[in-house]
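A.B. asks: Quick one: the structure is below, and I'll ask about it shortly.
The values are calculated or read from the model by the stated rules, or taken from the named source; none is laboratory data. All values derive from a computational prediction rather than experimental measurement. Backbone-built Cβ (ideal geometry, glycine too); neighbour counts: all protein chains shown.
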Amino acid sequence: MDLSCARWRKSSQSDSSGGDRVEVAEVSAVVAVRDSKEYAASLVKAAPALFASECRRFRGPV
C-alpha cells in the first residue's frame with residue numbers, strides 16, 4: 001500500500017517541544033497509524049471499525 005500521499009494527523013497529545021506521539025491517516029478502507037519519529041518501523045494498518053473499537057477500549061468510559 002502506497003502511503004506517500006496520505007494526509008497524516010498528529011495525536012492531540014503531541015506537543016511542540018518534541019513530545020510527539022502517533023500519527024494517523026485514513027487511506028482507502030484502511031486506517032494507518034505510525035510513530036511520529038520512526039515511520040517505517042512502527043506502521044500499523046487496521047480496518048476503520050477495528051481502529052475505532054480499539055480507540056474506545058483504550059480511552060475508557062467518558
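A.B. asks: I'd like to check something: does the stretch 32-45 contain any residue that is hydroxyl-bearing (Ser, Thr, Tyr), surrounded by 13 or more Cβ atoms within 10 Å (Cβ to Cβ) and either modelled with pLDDT under 90 or part of a loop (DSSP other than H, G, I, E, B) (or both)? Don't jump to the end; show me each part of the working.
C.D. replies: First, pick out the residues of the stretch 32-45 that are hydroxyl-bearing (Ser, Thr, Tyr): 36, 39, 42.
In the following step, the residues that additionally are surrounded by 13 or more Cβ atoms within 10 Å (Cβ to Cβ) were identified as 36, 42.
Checking the rest, the ones that are also either modelled with pLDDT under 90 or part of a loop (DSSP other than H, G, I, E, B) (or both) come to 36, 42.
Within the stretch 32-45, one or more residues are hydroxyl-bearing (Ser, Thr, Tyr), surrounded by 13 or more Cβ atoms within 10 Å (Cβ to Cβ) and either modelled with pLDDT under 90 or part of a loop (DSSP other than H, G, I, E, B) (or both).
A.B. asks: Something else about it: Taking into account only those residues within the stretch 1-31 that are assigned to a strand (DSSP E or B) and either small (Gly, Ala, Ser) or over 9 Å from the mean Cα position of the chain (by Cα) (or both), which is modelled with the lowest pLDDT? Let's see the steps before the verdict.
C.D. replies: Restricting attention to the stretch 1-31, the residues satisfying the condition of being assigned to a strand (DSSP E or B) are 9-10, 22-27, 30-31.
Subset that is either small (Gly, Ala, Ser) or over 9 Å from the mean Cα position of the chain (by Cα) (or both): 25, 27, 30.
Working: Ala25: 93, Val27: 87, Val30: 93.
Restricting to residues being assigned to a strand (DSSP E or B) and either small (Gly, Ala, Ser) or over 9 Å from the mean Cα position of the chain (by Cα) (or both), the top hit is Val27.
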